[in-house]
Each structure stands twice: as structure tokens, then as C-alpha cells.
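Have a look at the structure below, then the notes.
Please treat every number below as a calculation from the coordinates, not as lab data. Keep in mind that this is a model prediction, so the values were computed, not measured. Cβ: placed from backbone, ideal geometry, glycine included. Neighbour counts: every protein chain shown.
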Amino acid sequence: MIAALRPGRLTVNGLLAALVVLAALLGPRFLTRFSTIDVLTTAGVFAMFAASWDILSGYTGQENFGHAAFIGAGGFTVGLLTKYADVPVEVSMLAAAAIAGLLGLVIGIPALRLRGPYLALATLAAAAALLRLAFIFKPQTGGEEGISGLAKLGDGALLGPIGRGAARIFYGDVGGLNRLNEASIVNYYVVLLAATSMVAVLAAYGASKRGLLLRSIQQDETAALASGVSTASLKVAAFVVSSTLAGIAGSLWVHTLTQVNIDTLRVDLSLLIIVMAVIGGAGSIVGPAIGAVIIVLLQDLVLDRLGIDPGSQVKPMLFSALLIVVMIVRPKGLVVPLLRRLSGRAVIARARPEGADG
Amino acid sequence: MDVLVEILVRGAQTSAVLALLALGFSLVYGVGGVVNLAHGSLFMVGAYAAVAGVTTLGLPLWLAYAFGVAVAGASGAVLYLLIVRPVRRDPLTVLIVTLGAAIFIAALVRFLFGTANRGLGGLVGGSFSIFGVRVQQTRMLAFVVGVLAVGLLLAVLRKTAAGRIVRAVAQDPEAAILMGIDPGRVLLAVMTIGGALAGLAGVTTAPFEAVFPDMWLRPLTMAFAIVILGGLGSVEGTVLAAVLLGFLDRAVAFGLPSGERYVDLIAVLVILGTLVVRPQGIVARAGAHH
């Protein structure tokens, strides 16, 4: 830990992060196809999913198998508020955060008593129940079809000008584009802003004393308790932070898609997020975010261009097989160890306490 | 009155199927500390393999049923050898890879069979009446097969040398190793038997339930609810909890207005409720594994 705080390493981290953000800001200028912009936006959304999963599960080792519950709760809050109350984007986003956070609290408190497989089973079951509720209240939620007609984020009174301003600076004149493309570009910059801030905040949280205490739960919860660490309140807090941020990310996602349906609640989504975090390297925030971006780009840019039909079953088969192979071959993830080697352990030196792994 | 009889009759049948389903899940946990999230998928594999036996292979119906059970059992063995064994030491990795396997199997089923509902013919036909409640013969068969299979399994576990070995590994793996037992081989056997039992539940319920690619999730969550209520790894607790949940399931389905819509919520409420009130389950376990 002490080594990680040396100024030299922080500078390397900061420089790399700045380069990534700059590339993300300027990237859209060089795109030739507008459909690609929505893929990049999705990558940003999934980076938030994976990073928010990581602050609970990667740090404490309490694996959440139902992250989709919080994403879907946020998404459906937005959908229902838009359908019945027609509230502004910003208001529905705040409501989504509140509902998802509350759900995290409700699941988190009983989960306090759970260790190991019990928490995984409880979160998986909670997500399955929410999926069921979405079917039970089909007249309201729309069931399989869901709720469509949501606005892109550029329509917000507060977020719109921010996104438009960023687009004007980094993309150039958006006035000449047609309305749909303009909305996609503005939407991209809003999501990029949200994703960058969320990953930065979570990384800071993870590197803070609280983050270290969260790790102590993973290392040895009994020892942490004996040292006077209130593991119970820490876990609940991490649960609420994780679920609230997942709700926000979920609301950004459904605005990007301009619709919300039950796919936001499926087990497949929860598993995909675990895959992203594990491939990226759980317990490092940045790793899972990178893992998410890589997987989204891989599946949308590579697989789709190879001509694999997005509706076919090849993708889920390929990804679940990939996950199993990665977990068996390399349980510590692929991205973080690679980055570590490239930068002489500088980038992710904070990922695990020194000497915690091989 | 009619409703009460209906709940009792149908609850008994549901209980038998659930016990069959949950026993394998519970035994695999008890013996190897392995929570197999692909257990519900083995139920599905049994049903689809029987469908394929009829439609693709043109087998006679009874042979297609046997084929379904055999494929589910073999799938349990393959799951263990290919996926579970390399990561057995880490329970959380086991959860991730077995959930990955469940998603893989669901995608494979969609790829091979499409997303539309499939049907499987019953070995028996028609229906009869108990206390004024019509019961399909296929449900009666599922009940009888379930009770016989559960009874047989309990007898094997209690009375035979093989059963003693399984119980020994569940109670104390280290001591079992010292006695010359290889826990890996025992777990392979238990995963095969658990898969076959799940497949048996799958083929016997397929004639009166829908066969579709998402059908694995409900058996899985019911199996968790049962083993959590009964105490993870406890055989007697599992059977008791399966009976309780079977009747509760049908009580909700027939007792509440359009109650069938709410049955999927039972599992999660039971799981969360048990974890809050009595995390060790209704039957306290002797010789806890973890």
C-alpha cells in the first residue's frame, strides 16, 4: 500500500487515465459509422455496471449474483415515471438511484448474516423475483416488450446543455447532423461524463481507508471484527453504494436504448457483469471497467462484423464458454495482471494489498 | 373444501417432484461443498433430451424417458469433470462457472430446439378423480415415481456400503480420505446421480408442464429455497422442506386469486425469510461441512 502512494506511481496512473479519457472524448470525431457511437455509449454504461459491482463484490469478496436487480430497478423506475408522470430525465434518474439504493438496503441487511454461497444464492433469487414481478405487473411494465419511447439524455434540461457543450468542444459542430445522430452524440458525452466520474469516485473510495477496511472483510472477516472493524455496517454501506450507482447506470442505459424491458433484469446480465469484472480483475474498479469496455467492443464490433447474427445463440454460448475457461485458467483475471506487467506494477499497484497475492 | 382437497392432492405431487429435484442439489453440496447453479439446467436437459429422443431419434416413449434421465445423469458427470473439478477448492468460482454452464446450456437449447414451447407425450393418459378433484394420470405417475425414487435414495444412503461412504465424506472429508475413500470419485458419483434425479423430475413433469429454454431457473431457485430451509446438505431437512414448499406452492396457486402468477415469489421469500430468521435451516445439521 505504501508503495502505491509514492508520487511517481500516482503520476503514471493519472497520466494513463488522462490519456484514456482524452481518447474517449476525441474518439467520436474519427468514427465513420454513426451506429458505432451507440456501441461506445453501451461500453461506458457497462463500465459503470462492472465498477459498481466491484465496490461490493470485488472488494469484500461477497459476490453479488443479482446485480441486474438493481440495474433493472433503476431502469423500470425511469420507464414507469416516464410512462405515468412524464417527469424530466434528471428527476427520473434521481428516483432510479433512490429506488435501487433502497432495494440494496433491503437486500443488504439480511445479507449481513450471510457468507459464502448464501449471499450469492440470495442475490440471484432476488433478481429472479424482480424479473417475476415485472411479468406479474405486465400491464404496467409491458412484460417482454417493456416500455418504449424514453428520451435520449440530451433532452434533459440540465444534462442536455452539458452534453451538447461537450459535443461542441470535442466532436465539433453537431448542428449539421440529423436529429437522431445528434441525440446519439450528445447522449454519448453525458454517459462518458457519468462513467468517468463514477469510476473515479469508486476508485478513490476503493483506495481510501474504507476501501482497505472492505478488503479486510475479504482477507479475514473474523480478524477484522476482532480488530474492531464494524464489518456489518461496512458491508451494508458497500451494498447501498453499489446498488445506488447500478440504479443510476441502469437509468442511463435505458435512456440510451430509449426503452426498458425485462432483459435489464435477466440472470444473463448479472453473469455478464461478473464475467467483465473477473476478466478485468475484480477488486480494482479500473480493471472491471476496462474488462467491460473490452467485452462490449469485442461483441459488438468484432462479432457483429464477422456477420454473426446478434439474435443468434452463438454469442451467449461463446461468452459463457469463454467465462468458464477464463475462470479455470486464470482466476485472477486477465487485464489487471497484463497491465501490471506492462507498467511494472505501477498502474494497478493499489488493486490488491501488497503480498496479498502471488 | 374443493380448494383444500385440490391443494392437498396437487401439493403432494409437487412435493414429490421437488424432493427429487432438491435431493441431488443438497447431496452435491453436502459431499463436496459444491453449490451447482446448473442443477436446474439438468432438469431441463432431461426434458429436452426426452423430447429429442421422441422427435429426432424416433425412440419409443418409455425409452425416450430413460434416454432423458441418462443424458441428464451424464451431463452431471461431464459438468463435474470439465468444469467443477478444476475449481473445486474455491466455492465462489464454482458458483460462477456453474452459472456460466447454466447460461451455456440455455443458449445451446435455444440453438438446437428454438425458443417455442415443446411438448412431451405422457406414458399414461387420461385422468381420474380423488374426492371430487380431477387428477391427470401423468401427474399421478410423477408423484409415484418421485416417492419411489426418493425412498430408494434414502434407503441406499442409510443401509448400503455405498451410502455409508457418501455420508462419511459429507461428515468429515479428511477422515474419509484417511479411510482410503477418494472424495473426488464420490462427488463424481453424487453429481451423476443428482443429475439423473433432476432429469427424472424433468421427464416426469414435462407432459403437464411447458418445455422451454428458460425452464431451468424456477427449479433452481426452488431447489435453493428447499435446501436453505432444510439446512444445506441435510438429507432429512431437504425432504421435509420439499414437502413444506410443495404444499405452500400449491396453496398459493389455488388459494389466492390468480395465485399461479405469484408462485415464483415463494422461493425468494422463503430464502430471504429463512436467512434472516434461522440461517441454519429448520433441521440443524450434524457434522457441518463448512
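Quick one: dipole size for chain B, taken about the Cα centre, charges +1 on Lys/Arg Cβ and -1 on Asp/Glu Cβ, in debye to the nearest 20.
I would put it at about 300 debye.
Say the dipole of the protein assembly as shown comes from +1 at the beta carbon of Lys and Arg and -1 at that of Asp and Glu; which of B:Phe208, A:Val191, A:Gln259 then lies farthest toward its positive end?
A:Val191
Checking the cross-link filter: which lysines have an alpha carbon closer than 25 Å to that of A:Lys138, excluding same-chain neighbours under 8 positions apart?
Straight-line reach from A:Lys138, under 25 Å: A:Lys83, A:Lys152.
So for B:Ile103, A:Ile285, fewest C-beta neighbours within 10 Å to most, what's the order?
Starting with the residue having the fewest Cβ neighbours, the order is B:Ile103, A:Ile285.
Is it possible to state the helix-based mean residue ellipticity at 222 nm for the protein assembly as shown, with each DSSP H run of 4+ residues giving -39500 (n - 2.57), the sum divided by total residues, to the nearest 500 deg cm²/dmol? What is it?
-23500 deg cm²/dmol
Using 1/(1 + (r/R0)^6) with R0 = 35 angstrom and r between the beta carbons of B:Glu236 and A:Glu144, what's the FRET efficiency to the nearest 0.05?
After rounding to 0.05, the efficiency reads 0.25.
Hey, how many Å between the Cα centroid of region A:204-240 and the Cα centroid of region B:215-269?
About 34 Å separates the Cα centre of region A:204-240 from the one of region B:215-269.
In degrees, nearest 10, range 0 to 90: what is the angle between the Cα axis of helix B:137-159 and the longest Cα principal axis of chain B?
Between the helix axis and the principal axis of chain B, the angle is about 20 degrees.
Can you tell me how region A:59-134 classifies by the Cα gyration tensor, rounded, prolate or oblate, using a/c under 1.5 as the rounded cut?
Here region A:59-134 falls in the prolate category.
Can you sort A:Phe30, A:Phe76, A:Phe135 from fewest to most other Cβ atoms within 10 Å of each residue's own Cβ?
Least to most surrounded, the residues fall as A:Phe30, A:Phe135, A:Phe76.
What FRET efficiency do you get for B:Leu61 and B:Ala155 if R0 is 30 Å and r is their Cβ-Cβ distance, rounded to the nearest 0.05?
0.60
Name the trypsin sites (Lys or Arg not before Pro) in region A:78-139 that are in a loop by DSSP and that have at most 16 other C-beta atoms within 10 Å, would you?
Sites meeting the loop and neighbour criteria: A:Arg113, A:Arg115.
Based on Cα coordinates alone, diagonalise the gyration tensor for region A:3-342, multiply each eigenvalue by 5, take square roots, and list the semi-axes in whole Å, largest first.
Gyration-tensor ellipsoid for region A:3-342: 30, 25, 20 Å.
In nanometres, what is the gap between the two model label sites at A:Val302 and B:Ala116, each 7 Å from Cα along Cα-to-Cβ?
With each label point 7 Å from Cα toward Cβ, the separation is 3.6 nm.
In region B:72-156, which chymotrypsin sites (Phe, Trp or Tyr not before Pro) fall in coil by DSSP and have 12 or fewer other Cβ atoms within 10 Å?
B:Phe131
How large are Rg and Dmax for region B:1-108 when calculated on the C-alpha trace, in angstrom?
For region B:1-108, the Cα-based Rg and Dmax read 16.6, 54 Å.
Can you give me the distance in nm between label points at A:Leu94 and B:Arg89, each placed 7 Å from the Cα along the Cα-to-Cβ direction?
5.1 nm
If each of B:Val277 and A:Ala200 carries a label point 7 Å out from its Cα toward its Cβ, how far apart are those two points in nm?
4.9 nm
As I understand it, the value is the acute angle between the Cα axis of helix B:183-205 and the longest principal axis of the Cα atoms of chain B; what does it come to in degrees, rounded to 10?
For B:183-205 against chain B, the angle is about 0 degrees.
Quick one: length gained pulling A:Phe30 to A:Leu225 fully straight, 0.36 nm per residue minus the C-alpha distance?
Between A:Phe30 and A:Leu225, full extension yields 64.9 nm more.
To the nearest 20 debye, what is the magnitude of the charge dipole of the protein assembly as shown about its Cα centre, counting +1 on the Cβ of each Lys and Arg and -1 on the Cβ of each Asp and Glu?
I would put it at about 1140 debye.
Reported to two decimal places, what Rg/Rh ratio describes chain B when computed on Cα atoms with Rh from the Kirkwood expression?
Ratio of gyration radius to Kirkwood radius: 0.96.
Between B:Gly11, B:Gly40, B:Gly121, which gets the highest mean-square fluctuation from a Gaussian network model of chain B, Cα cutoff 10 Å?
B:Gly121
What is the angle, in °, between the Cα long axis of helix B:39-55 and the longest principal axis of the Cα atoms in chain B? Nearest 10 is fine, range 0 to 90.
Taking Cα atoms only, the helix is inclined about 50 degrees.
Kindly write out, for region A:234-240 in residue order, the coupling ³J(HN,Hα) from the Karplus curve 6.51 cos²θ - 1.76 cosθ + 1.60 (θ = phi - 60°), rounded to whole Hz, with x marking Gly and Pro.
With coefficients 6.51, -1.76 and 1.60, one gets 4, 5, 5, 4, 5, 4, 5 Hz.
Please label the shape of the protein assembly as shown as rounded, prolate or oblate, based on the square roots a ≥ b ≥ c of the eigenvalues of the alpha-carbon gyration tensor (a/c under 1.5 means rounded; beyond that, a/b larger than b/c means prolate, else oblate).
Prolate.
Rounded, prolate or oblate: which one fits region B:75-177, using the alpha carbon gyration tensor with axes a ≥ b ≥ c (rounded when a/c is under 1.5, else prolate when a/b beats b/c, else oblate)?
Oblate.
Of B:Ser258, B:Ala50, B:His39, whose Cα points farthest to the positive end of the dipole of the protein assembly as shown (charges on the beta-carbon: +1 Lys, Arg; -1 Asp, Glu; origin at the Cα centre)?
Of the options given, the answer is B:His39.
Could you list which residues have their amide H under 5 Å from that of A:Leu150, counting only those 5 or more apart in sequence or on another chain, with H placed in the peptide plane?
Under 5 Å from the amide H of A:Leu150: A:Gln259.
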